[in-house]
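The values are calculated or read from the model by the stated rules, or taken from the named source; none is laboratory data. Remember, predicted model here, so these are calculated numbers, not experimental data. Positions of Cβ are generated from backbone atoms using ideal geometry, with glycine treated the same way; all protein chains shown enter the neighbour counts.
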Amino acid sequence: MSHFEIRAKDGLARLGLLRTAHGTVRTPLLMPVVHPGKSEIPPAEMASVFGYQMVITNSYIIRSRAKFRDRALEEGVHSLLGFSGPVMTDSGTFQMYVHDLPEDEIDPIDIVRFQREIGSDIGTILDVFSDPDVGRQRVEEDVRVSLERAAVSTAEKGDMLLAGTVQGGSYPDLRAHAARELSKMDFDVHPVGGAVPLMEQYRYADIVRAVLAAKQHLPPDRPVHLFGCGHPMFFAQAALLGCDLFDSASYAKFADTDRMLLPTGTAHLDELRELPCECPVCAGDSVDMLMAYSKSERAYVLMRHNLYVSAAEMRRVRVAIAEGKLFELAAMRARAHPALYEAFQAMMEHIDLIERHDPVANPSSVLFTGAETTRHPAVLRFSHRVATRYPFRRARTIVFVPPLGDPPFADTTGPLVDRVRETSQDDTLLFFVTPIGVVPWELEHVHPAQQCVFPSSLDSETLAVAGRRLQALVNSIEYEEALWLSRPVPTDRLSEHVPGVTRIDSMSSVLDHMPPAGSAVYWQRKLTALVAFQWGLQLDASDVSRLDVRTSRSTGKVRHVLSGDELVFTLVPTTGLLTPTYSGGQLLIDAGLDEVYHVVMEEEAAEYVAKGRSALAKFVAWASDDLRAGEEVVVLGPDRQMVGVGRALLTGPEMLAFSRGVAVQTRHSKRS
């Protein structure tokens with residue numbers, strides 16, 4: 001049974017709840033490493049002063065020393081540490097690697113059993129740590145032994161949650177193999193091991209590849225733990241990769257050498273004139289005061305600083321996930337060091353994987369951080385859907401307009417938009433040429449078309465991406481004449497991607513070239529494009545003609561879509577997308593809604609959804625592998641009859657994997 005639940009998503013990142021025997025914690029979270037006998041900062045203060053929800057300690061050290069072992073066996077590890085919250089224990093794998101201990105120093109079965117006996121909330125198997133610089137043959141053997149130990153360890157876990165570590169060194173295929181095999185075993189958490197030497201060598205790109213190679217083959221209902229990741233400058237990107245748990249002794253190790261952890265890097269105290277931080281430690285001290293302390297006093301103060309900064313950055317990561325802004329935070333942190341930027345670029349090579357897990361219809365703005373913004377998951381998805389789902393591919397005239405300044409685009413193209421509203425799609429198609437690519441007029445209000453904020457000057461890479469997207473769309477459309485309204489903006493130079501285009505300097509001249517106004521109903525055209533964009537569904541013209549709309553009195557924009565007197569869709573202002581009512585769901589099904597947007601419940605649960613309750617993941621009988629979180633879906637009973645409509649909070653595979661949490665937030669139901 002899963003002990004993990006997702007509450008919000010952003011890319012591969014998850015805001016989650018992990019339930020343990022000593023309480024529920026919110027993820028992503030950082031666990032400070034505490035020594036059972038010599039923690040300068042008492043573990044209890046980790047929670048009461050610094051806000052850490054959970055700590056990690058080493059069961060090998062506890063077991064090796066009688067004074068720790070006897071007390072832990074008698075009173076439990078929580079009493080030994082003086083910490084009432086959840087405690088995770090490591091097995092000693094890293095100690096065996098660092099100190100080159102003999103193979104028989106720790107018995108794999110005994111150490112798991114010991115962790116259970118001392119009351120660990122999460123125990124860890126004794127895997128084999130692979131040095132990142134050894135050859136492939138050695139790493140293959142390490143993975144083989146680790147998997148053998150994993151297979152015999154699960155029988156010892158009892159009620160303790162057990163972590164099965166993914167090894168594989170710097171070989172992504174070995175990481176993937178280990179993850180696939182571990183996914184078949186009864187584990188609750190999956191650490192990605194072997195990262196500490198990579199961290200110390202600033203090989204963050206290798207960590208990215210290792211995490212992604214493992215992540216895509218691990219069960220989604222098991223948290224992923226990045227072992228030894230304790231520097232705050234990497235938290236945002238690691239969370240975006242799907243890491244839920246972090247641990248590190250960096251707060252102490254760095255303090256011992258007069259180094260300060262910061263979200264933007266590491267500061268050496270002897271190189272500072274002022275303290276570049278606003279934490280409680282730095283607010284009351286100065287560089288001179290710190291340097292006047294004894295070495296042990298200074299290390300203690302810097303430990304506290306490092307704990308404050310690390311906790312604050314992890315909170316910042318959780319806030320960014322909740323707001324849909326983690327990509328931007330990770331992009332900004334990547335500028336802190338060339339190795340981090342290289343890691344970010346390595347992640348961007350797998351951005352399609354991240355986009356598949358990113359929630360649809362997140363209304364957050366997209367702020368420019370660099371050329372990578374053109375491949376922000378929301379931008380990538382919008383561009384792909386325009387390229388593959390935009391329904392109008394033939395017209396007498398196509399008009400391209402590079403928008404001036406900030407959106408809404410129509411504010412500086414009023415007469416042109418007014419003309420297009422009165423013509424059919426067979427006569428005129430209007431496209432706004434923006435830094436994210438082409439935005440069809442019918443979809444100008446769909447997120448993130450007008451929520452992207454770019455500078456007035458653009459780099460060549462951003463323009464190149466926009467140009468490729470423009471060219472791809474133009475190549476898919478049959479037209480007789482192409483017009484380009486020339487404007488003094490960076491995207492104006494992209495007209496070279498439109499064969500046979502006529503550049504025109506004034507809007508009035510563009511209007512002179514366009515077909516005359518007719519009697520077209522503009523909202524029918526917009527509704528057709530929107531349904532195609534959102535569900536990949538081509539509505540018949542006769543179906544659309546039977547619908548009616550209600551517009552906002554203040555903005556004139558469509559707000560509600562009706563069939564007769566019955567409400568079928570509501571348009572959400574923040575996303576520009578449709579939410580169907582129960583009748584709207586039936587309309588979509590009748591029109592041939594793809595099964596990607598179907599969620600089938602078990603019989604008893606279907607009855608609850610029919611009464612307006614949310615669809616719980618535990619009772620989902622079927623969902624498509626291609627369903628994405630955030631989509632508007634129809635919920636069906638086992639007889640395939642609709643019982644409700646709502647917003648998917650999980651992907652299809654997540655719905656089938658999780659036994660906790662809501663799969664579909666029901667908006668309208670059969671009996672509501």
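Numbers for the structure displayed
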read-out: Filter result for PRO573 (in a loop (DSSP other than H, G, I, E, B) and out of contact with any helix residue (DSSP H, G or I) (no Cβ under 8 Å at 6 or more places or on another chain)); value: yes
read-out: Close pairs from segment 1-17: first under 10 Å from GLY661 (Cα atoms), partner hydroxyl-bearing (Ser, Thr, Tyr) and surrounded by fewer than 24 Cβ atoms within 10 Å (Cβ to Cβ), Cβ under 7 Å, at least 6 apart; value: LEU17/THR24
read-out: Flag for THR528 being buried (at least 17 other Cβ atoms within 10 Å of the Cβ), touching a Ser or Thr at 6+ places or on another chain (Cβ under 6 Å), β-branched (Val, Ile, Thr) and not assigned by TED's automatic domain parsing to the domain that holds CYS452; value: no
read-out: Count of segment 577-595 residues which are touching a strand residue (DSSP E or B) at 6+ places or on another chain (Cβ under 8 Å), more than 14 Å from ARG640 (Cβ to Cβ) and either part of a loop (DSSP other than H, G, I, E, B) or not assigned by TED's automatic domain parsing to the domain that holds SER552 (or both); value: 2
read-out: Residue check, VAL510 hydrophobic (A, V, I, L, M, F, W, C), assigned to a helix (DSSP H, G or I) and either at pLDDT below 95 or out of contact with any Cys (no Cβ under 7 Å at 6 or more places or on another chain) (or both); value: yes
read-out: Residue ID - surrounded by the fewest Cβ atoms within 10 Å (Cβ to Cβ), chosen from residues in segment 142-156 that are touching a residue at least 40 places away in the same chain (Cβ under 8 Å) and under 23 Å from HIS177 (Cβ atoms); value: VAL152
read-out: Residue count for segment 116-141, restricted to those that are part of a loop (DSSP other than H, G, I, E, B), surrounded by 24 or more Cβ atoms within 10 Å (Cβ to Cβ) and β-branched (Val, Ile, Thr); value: 3
read-out: Qualifying helices (runs of 4 or more DSSP H) (wholly inside segment 166-236; at least 2 residues being buried (at least 22 other Cβ atoms within 10 Å of the Cβ) and either modelled with pLDDT of 95 or more or in contact with a helix residue (DSSP H, G or I) (Cβ under 7 Å, 6 or more places away or on another chain) (or both)); value: 172-183, 204-215
read-out: Selection within segment 487-520 - closer than 27 Å to VAL465 by Cα, of a type outside the set (Asp, Glu), surrounded by 11 or more Cβ atoms within 10 Å (Cβ to Cβ) and in contact (Cβ under 8 Å) with a residue 24 or more places away in the chain; value: ARG487, VAL489, PRO490, THR491, ARG493, LEU494, SER495, HIS497, VAL498, VAL501, MET507, VAL510
read-out: Selection from segment 473-484 of residues that are more than 16 Å from PHE432 (Cβ to Cβ) and assigned to a helix (DSSP H, G or I); value: ASN475
read-out: Options THR555, THR574, THR551; residue that is farther than 13 Å from ALA663 by Cβ, in contact with a Lys or Arg (Cβ under 8 Å, 6 or more places away or on another chain) and not assigned by TED's automatic domain parsing to the domain that holds LEU12; value: THR551
read-out: Residues located in segment 361-391, provided they are surrounded by fewer than 22 Cβ atoms within 10 Å (Cβ to Cβ), of a type in the set (A, V, I, L, M, F, W, C) and in contact with a helix residue (DSSP H, G or I) (Cβ under 7 Å, 6 or more places away or on another chain); value: LEU367, ALA371, LEU380, ALA387
read-out: Qualifying residue in segment 48-56 (condition: more than 28 Å from ARG222 (Cα to Cα) and of a type outside the set (Gly, Ala, Ser)); value: yes
read-out: Condition met for LEU147 (under 30 Å from ALA320 (Cα atoms), modelled with pLDDT of 95 or more, among the aliphatic types (A, V, I, L, M) and over 24 Å from the mean Cα position of the chain (by Cα)); value: no
read-out: Boolean, ALA311 is part of a helix (DSSP H, G or I) and either without any contact (Cβ under 8 Å) to a residue 24 or more places away in the chain or closer than 18 Å to MET233 by Cβ (or both); value: yes
read-out: Scope segment 596-618; condition of a type outside the set (Ser, Thr, Tyr), outside any strand (DSSP E or B) and over 25 Å from the mean Cα position of the chain (by Cα); matching residues; value: GLU602, GLU603, GLU604, ALA605, ALA606, GLU607, VAL609, ALA610, LYS611, GLY612, ARG613
read-out: Whichever residue in segment 317-351 is among the acidic types (Asp, Glu) and part of a helix (DSSP H, G or I) and, among such residues, is surrounded by the most Cβ atoms within 10 Å (Cβ to Cβ); value: GLU328
read-out: Some residue of segment 28-38 being in a loop (DSSP other than H, G, I, E, B), farther than 24 Å from LEU226 by Cα and modelled with pLDDT under 95; value: yes
read-out: Residues that are in a loop (DSSP other than H, G, I, E, B) and under 14 Å from the mean Cα position of the chain (by Cα), drawn from segment 360-386; value: VAL360, ALA361, ASN362, SER364, HIS376
read-out: Single residue of SER519, SER554 found to be more than 37 Å from the chain's Cα centre (by Cα), among the hydroxyl-bearing types (Ser, Thr, Tyr) and part of a loop (DSSP other than H, G, I, E, B); value: SER519
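For every residue, the table says whether it meets (1) within 22 Å of VAL196 (Cα to Cα); (2) of a type in the set (A, V, I, L, M, F, W, C).
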position: ILE41; (1), (2): no, yes
position: SER48; (1), (2): no, no
position: GLY51; (1), (2): no, no
position: ILE56; (1), (2): yes, yes
position: SER59; (1), (2): yes, no
position: GLU103; (1), (2): yes, no
position: ASP107; (1), (2): no, no
